[in-house]
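Quick notes on the structure that follows.
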Number of protein chains: 2
Amino acid sequence: MPSHDTETFYEFLRTQRAVRKLRPDPIPDEALARILDATRHAPSGGNRQGWRMVMVTDPAKKARLGELYAPIWEAYCSKYASTEGMTPEAAAGMIRTLDSGSYMAAHMHEYPLIAIVCFNPEHLAVTDIEQDRVSVVGGGSIYPAVQNFMLACRVEGLGCVLTTLLCQHELEVKSLLSIPEDWYTAAAIPVGYPVGKGYGPVRRLPVEALFFQDTWGESV
Amino acid sequence: MPSHDTETFYEFLRTQRAVRKLRPDPIPDEALARILDATRHAPSGGNRQGWRMVMVTDPAKKARLGELYAPIWEAYCSKYASTEGMTPEAAAGMIRTLDSGSYMAAHMHEYPLIAIVCFNPEHLAVTDIEQDRVSVVGGGSIYPAVQNFMLACRVEGLGCVLTTLLCQHELEVKSLLSIPEDWYTAAAIPVGYPVGKGYGPVRRLPVEALFFQDTWGESV
């Protein structure tokens, strides 16, 4: 049987969800210090830690990030916003997500923090670079730290969401934050206290759909 | 001040480290069920959950994975095993890592579980695909689940380590586990109870080296 401590741990993981509507209230220094410490302990290939984060709180820089984000978000919505063929429940969920995403695009400059996640390919062992499909393994040394960051936000009651649309404006973001030539961007994570309830239950596939035993398609 | 619950949570994250020397003892069903449930709750782009895991416990299949792994591990070692220019402490750490890696390569078939992480590129929003550098963003929908999996292993006292060398034998691994043509491999995670102490302190860069304030190079 799990102890109280482990049960609490699992409860944190089960209730981590994307929180897009955030208040402008500042993040306490002590909470942020705990989040950064949890993040820096994440594993990475060969312990190379080829990731960095730029914590953007400067109003002018946040405003510029918001300006870059809004049109990509709008384009994303017009491409994916169809609820055709969905169940009423799924359609309602999608509309809620799009609404809160549009709120975020309009208010990003007021959010207390936007964390820009950077990486240097020379510090990653990209073992799938020769495969004839999109490479993902570099992310194995970046997104464990990102997940630690987001889990720690959840533990502190701070909402956040992993966004990657700004990668399409990588040059502008690098220039804005003086990111060196050999470092690139992997994500932008807006952080702040939730407008609404924030964390809670999430909709996910059941274990049987995600895990197989020894052979693809065989139940665990 | 953090409560006891959050302090325990952070302690789990701080003491997660690669554990490569594992015992053959089986993993209790209840522990595994908690790990899979924690994993399935991880976030992914658009909640598409474009990842799956094949839990390999079949002795013949584990043996084959070990056969595929050992020569790539040896090649990796001969390429990276130089301790030239390292401090004595760093060199000793590297030799310990290589020793335990070689133990793993020789004993992988005896480990109770090897989890093979799969993904389908069609279920990922790879927003950095047009950038003139290696793509990593697909990993943003895979490795948060991997990190949940490994953190849950740590909470259960089970050792594990994220390995990606087997991606170099992706076709053989796909064939062995009947992975469909449009799904690929992102990692292999051997799991079992530690031979030694298992979890504990890790060596990581300090916060000042990893996080910047508003501008690259500026202290947080």
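Looking only at the range A:161-179, residues that are touching a residue at least 60 places away in the same chain (Cβ under 8 Å) and hydroxyl-bearing (S, T, Y) come to 1 in all.
Of all residues in the range B:61-92, those that are of a type in the set (K, R), over 19 Å from the mean Cα position of the chain (by Cα) and open to solvent by less than 70 Å² (accessible area, probe 1.4 Å) total 1.
Yes/no matrix, rows are residues, columns are (1) at pLDDT 95 or above; (2) surrounded by fewer than 20 Cβ atoms within 10 Å (Cβ to Cβ); (3) out of contact with any Pro (no Cβ under 7 Å at 6 or more places or on another chain):
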| position | (1), (2), (3) |
| --- | --- |
| B:H107 | yes, yes, yes |
| B:V117 | yes, no, yes |
| B:Y143 | yes, no, no |
| B:G157 | yes, yes, yes |
| B:S178 | yes, yes, yes |
| B:R203 | no, yes, yes |
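Against the list (1) open to solvent by 10 Å² or more (accessible area, probe 1.4 Å); (2) within 27 Å of A:P28 (Cβ to Cβ); (3) within 8 Å of chain B (Cβ to nearest Cβ), the condition A:Y193 fails is (3).
Restricting to the range A:19-30, name every residue that is surrounded by 18 or more Cβ atoms within 10 Å (Cβ to Cβ) and either out of contact with any helix residue (DSSP H, G or I) (no Cβ under 7 Å at 6 or more places or on another chain) or over 12 Å from A:Y193 (Cα atoms) (or both). Across the range A:19-30, the qualifying residues are A:V19, A:L22, A:I27. Just one of the listed residues (B:A106, B:A125) is closer than 24 Å to B:T39 by Cα and either part of a strand (DSSP E or B) or hydrophobic (A, V, I, L, M, F, W, C) (or both), and it is B:A125.
So, of the residues in the range B:50-60 that are surrounded by fewer than 19 Cβ atoms within 10 Å (Cβ to Cβ) and within 24 Å of B:N120 (Cβ to Cβ), which turns out to be farthest from the other protein chains (Cβ to nearest Cβ)? Within the range B:50-60, the match that is farthest from the other protein chains (Cβ to nearest Cβ) is B:T57.
A Cβ distance below 8 Å, combined with a sequence gap of six or more or placement on separate chains, defines the contacts here; from the range B:60-71, residues that are closer than 11 Å to B:L165 by Cα and without any contact (Cβ under 8 Å) to a residue 60 or more places away in the chain reach residues that are open to solvent by 20 Å² or more (accessible area, probe 1.4 Å) and small (G, A, S) in the pairs B:A70/B:A106. The number of residues in the range B:9-18 that are without any contact (Cβ under 8 Å) to a residue 40 or more places away in the chain and open to solvent by less than 20 Å² (accessible area, probe 1.4 Å) comes to 2.
Pairs are defined by a Cβ separation below 7 Å, a sequence spacing of at least 6 or placement on different chains, a first member in the range B:195-212 that is more than 29 Å from B:K21 (Cβ to Cβ), and a second member that is open to solvent by less than 50 Å² (accessible area, probe 1.4 Å) and among the acidic types (D, E); the pairs so defined are B:V207/A:D37. Pairs, please: C-beta under 9 Å, at least 6 apart or cross-chain, first residue facing chain A (nearest Cβ under 7 Å) and in the range B:117-140, second among the basic types (K, R) and not in a loop (DSSP other than H, G, I, E, B)? Close Cβ pairs (under 9 Å, with a partner that is among the basic types (K, R) and not in a loop (DSSP other than H, G, I, E, B)) amount to B:F119/B:R52.
The values are calculated or read from the model by the stated rules, or taken from the named source; none is laboratory data. Quick caveat, the model's predicted, so the values are computed rather than measured. Using ideal geometry, Cβ is built from the backbone for each residue, glycine included, and neighbour counts are taken over all protein chains shown. For the accessible areas, the whole protein counts, side chains as well, though only heavy atoms, and no ligand, DNA or RNA atoms are used. Shrake-Rupley method; radii C 1.70, N 1.55, O 1.52, S 1.80 Å.
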